[in-house]
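Here, each number is a calculation from the coordinates, and none is a lab measurement. Since this is a predicted model, take the numbers as computed values, not measurements. We place every Cβ from the backbone using ideal geometry, glycine too, and count neighbours over all the protein chains shown.
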Amino acid sequence: MNREKPKIYLVPRWAGNIHSDWYDSIFEFIKNKYNITIERLEMPNWNEPDIEKSIEYLSNQVKQLNQQTYFVGHSVGCQAIIRFLSKQFQENTDLHIGGCLFVAGWFKVDHPWNTLKPWLVVNDINFNLISNRINFKRIVLSDNDPFTANYLENKSLWEEKLNTEVVIYPERKHFNESEELNVFSEIEKMILIANNLLNAQTR
């Protein structure tokens, strides 16, 4: 039987592109080990991300949304994914997706600049809907992120809003290295869960 592989989309951090930080190395690692291609999305005007433009872009680029669809978000990429999915879930009452891994995500920032402030307004996000329609939800944080010094408060916000499992790694700052082995490990866990779910469905 020709089984559908998990489809993984990666949304970069603020001012990031598809080659920033660990994106190239995770692309190669997952491709070589699992024969899965992570689609890294080149977000529009990502030096000054705009909420509506990011949702529109994701709507045009993400062609597959089902229980084999997975997202990896980094920093503001987490926010873009959440807002995109909130809109998609409200428009399609039967839609569920495989999962999301959020890396260095935030709902508050210690010293927000003007173009970031709109991203801190979350009144239009249906968190309950998102929480109930995503099979795998996990947030990866660091205990010394320069943008969210109170990482325990950040952890609580993710647990409260999305009922998300939170993992805190020591001294990883904003996860900006060319190789982030902790992130690689978490993506592997997501893929293994996806494959186990697929195996169960095809028995």
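Structure data summary
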item: Rough spin-label spacing in nm, given labels placed 7 Å along Cα→Cβ, for HIS96 and ALA15; result: 4.1
item: Set of the range 10-26 residues, backbone N closer than 12 Å to the point 7 Å along the Cα-Cβ line of ASN47; result: 15-16
item: Cut-off under 5 Å, modelled amide H: who pairs with TRP14 long-range; result: VAL76, GLY77
item: Extension gain (nm, one decimal) between ASN66 and ASN132, 0.36 nm per residue minus Cα-Cα; result: 22.4 nm
item: Cβ-Cβ FRET estimate between LYS189 and LYS5, R0 fixed at 22 Å, reported to 0.05; result: 0.85
item: At most 14 other Cβ within 10 Å, DSSP loop - trypsin sites (Lys or Arg not before Pro), the range 29-81; result: LYS63
item: Per-residue ³J(HN,Hα) for the range 112-129, Karplus 6.51 cos²θ - 1.76 cosθ + 1.60, θ = phi - 60°, Hz, x for Gly and Pro; result: x, 8, 4, 6, 8, 3, x, 6, 8, 8, 10, 5, 8, 9, 8, 5, 4, 4
item: Cα-projected label distance for GLU39 with GLU179, points at 7 Å along beta-carbon direction, nm; result: 2.9
item: Those lysines that a straight Cα-Cα span of less than 26 Å connects to LYS53, excepting residues fewer than 8 apart in one chain; result: LYS7, LYS63, LYS87, LYS108, LYS117, LYS137, LYS161
item: Added length on full extension, which subtracts the Cα-Cα distance from 0.36 nm per residue, SER156 to ASN196; result: 11.5 nm
item: Amide hydrogen neighbours beyond the local backbone of LEU101, cut-off 5 Å, H modeled; result: PHE71, VAL72, GLY73
item: Selection of trypsin sites (Lys or Arg not before Pro), the range 91-151, meeting DSSP coil and at most 15 other Cβ within 10 Å; result: LYS108
item: Extension gain, GLU56 back to ILE168 (0.36 nm per residue minus Cα-Cα distance, nm); result: 37.1 nm
item: CD proxy at 222 nm, helix term only [per DSSP H run n ≥ 4: -39500 (n - 2.57); per residue of the chain; nearest 500]; result: -12500 deg cm²/dmol
item: Residue-by-residue Karplus 3J(HN,Hα) for the range 76-91, coefficients 6.51, -1.76, 1.60, Hz, glycine and proline x; result: 4, x, 4, 4, 4, 5, 4, 5, 4, 5, 4, 5, 5, 5, 5, 7
